[in-house]
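Take a look at the structure set out below.
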Amino acid sequence: MSVSLPSTEFEALRSHLLEHSVRRGDFTLKSGRKSSWFIDSKQTVCRPEAMVWVADGLLSVIPHDVTAIGGLTMGADPVAFITAGVAATRGRALKAFSVRKEAKDHGGGGRIAGALDPGDRVVITEDTVTRGTSLLEAAHAVIEAGAQPVLLVAIVDRGGTVGSMAAAEGLPFRALLTAPDLGFDYEGG
């Protein structure tokens, strides 16, 4: 389910993604499936002209009682940190964190890097999702850390299957834009 951004921000973000993040050609996705298009949303999320659009989009759907935002590194990192930074300039305190792909066996250890405390109410984020497995993996790590995921949010949902997977685990899912918003069919499943 896509988010309802103001039309000017939606169109600006959509145009930016199409110009800077979407590539056409022959690609093999992480799942091994072939696709005629690829999206590297970080090419939008990490550019200064788009950072506030991304943060505004996320902040428009994050419940007010949420205390932290993060997800699986690398896809979630820029989204979470930019959103938390913009939120801070608006008087809203959101901690940011990353979920490592594997537990660290030295230092403080564990899978969580950054600010996440037991009891936090958490938004799990990602730049682009196809199947949604990264969002759910991060949600499971957050639960193991004693925090509570309350919402999954992606900048782009290219697969169209995440909502049902998330719902099966009792979690709502939102996307700022979808594959059809960018002119493509969903490729999940």
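Brief remarks on what is shown
- For region 136-189, the calculated P(r), taken from all Cα-Cα distances in 10 Å bins from zero up to the bin holding the longest distance, is 24, 48, 23, 5 percent.
- By accessible area, using a 1.4 Å probe on protein heavy atoms only, region 1-131 has 54% of its surface on carbon and sulfur.
- Taking G32, G114, G75 in turn, the Gaussian network model of the chain (Cα-Cα springs below 10 Å) assigns the largest fluctuation to G32.
- Here the Karplus relation 6.51 cos²θ - 1.76 cosθ + 1.60, evaluated at θ = phi - 60°, turns the backbone of region 120-136 into coupling constants of 4, 9, 10, 9, 9, 10, 7, 6, 9, 10, 10, 9, x, 5, 5, 4, 5 Hz, with x for every Gly and Pro.
- Cut-off under 5 Å, modelled amide H: who pairs with T178 long-range: D157
- Average accessible area per residue (Å²) across region 54-189 - probe 1.4 Å, nucleic acids and ligands excluded: 39
- The largest accessible area among D40, D157 belongs to the first residue in D40, D157, and the rest follow in falling order (1.4 Å probe, all chains).
- Value in Å of the Kirkwood radius, where region 100-189 supplies the Cα pairs that are averaged: 13.8
- Hull-based mean projected area of region 58-123, where the convex hull spans the alpha carbons, in square nanometres: 4.6
- Out of every Cα-Cα pair that the chain contains, those further apart than 26 angstrom amount to 26 percent.
- Cβ-Cβ distance of Y186 and S7, R₀ of 25 Å, FRET efficiency by 1/(1 + (r/R0)^6): the value works out to about 0.65.
The values are calculated or read from the model by the stated rules, or taken from the named source; none is laboratory data. None of these values were measured; they are calculated from a predicted model. Using ideal geometry, Cβ is built from the backbone for each residue, glycine included, and neighbour counts are taken over all protein chains shown. All accessible areas refer to the heavy atoms of the entire protein, side chains included, with ligands and DNA or RNA removed. Shrake-Rupley method; radii C 1.70, N 1.55, O 1.52, S 1.80 Å.
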